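Written out below as structure tokens is the structure these notes cover.
The values are calculated or read from the model by the stated rules, or taken from the named source; none is laboratory data. As the structure is a prediction and not an experimental result, all values here were calculated from the model. Ideal geometry is used to build each Cβ from the backbone, glycine not excepted, and the neighbour counts take in all protein chains shown.
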Amino acid sequence: MDDSVTTVAELKQIVKEFSDARDWDGFHGAKDLTIGIVTEASELLQDFRFKSDDEVEEMFKDPIRAEMIGDEIADTLYFILRLAQKYDLDLSQELQRKMKKNAINYPVEKSRGSNKKYSELR
């Protein structure tokens, strides 16, 4: 499996089967899955805390550190996929819908090369 051939639906099925085998539905309400997203994303953030851009680049060159980062990304993705799977959200459609909003909020002529929030671009 890799990103070039694996669908989001397949990933959602993987997390469903994993969770079903462990009878975790009772622990996977929207609130708890959202807490899981934030918790795992925070663990990912912790890996980068107090690191310079150069130090971060070096982390990705170290196979052990890169694997640790990959683990935290995968943990975060698991909870995102599980939330979408449990509540029948089509992630492709949700992303496309949101990108249309972002295109309005971040017009190229105002946002190109800028990291300002849309409310600061007006």
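Before moving on, here are some points about what is shown:
- Which listed residue, of 95, 121, 83, is within 15 Å of the chain's Cα centre (by Cα) and not assigned by TED's automatic domain parsing to the domain that holds residue 51: 95
- Residue 2 at pLDDT below 95 and over 13 Å from the mean Cα position of the chain (by Cα): yes
- Counting only helices (runs of 4 or more DSSP H) wholly contained in the stretch 1-84, the ones carrying 3 or more residues that are surrounded by fewer than 10 Cβ atoms within 10 Å (Cβ to Cβ) occupy 53-61.
- Selection status of residue 99, in a helix (DSSP H, G or I) and within 15 Å of residue 43 (Cα to Cα): no
- In the set 50, 60, only one residue is modelled with pLDDT of 95 or more, among the hydrophobic types (A, V, I, L, M, F, W, C) and on the phi > 0 side of the Ramachandran plot; that residue is 50.
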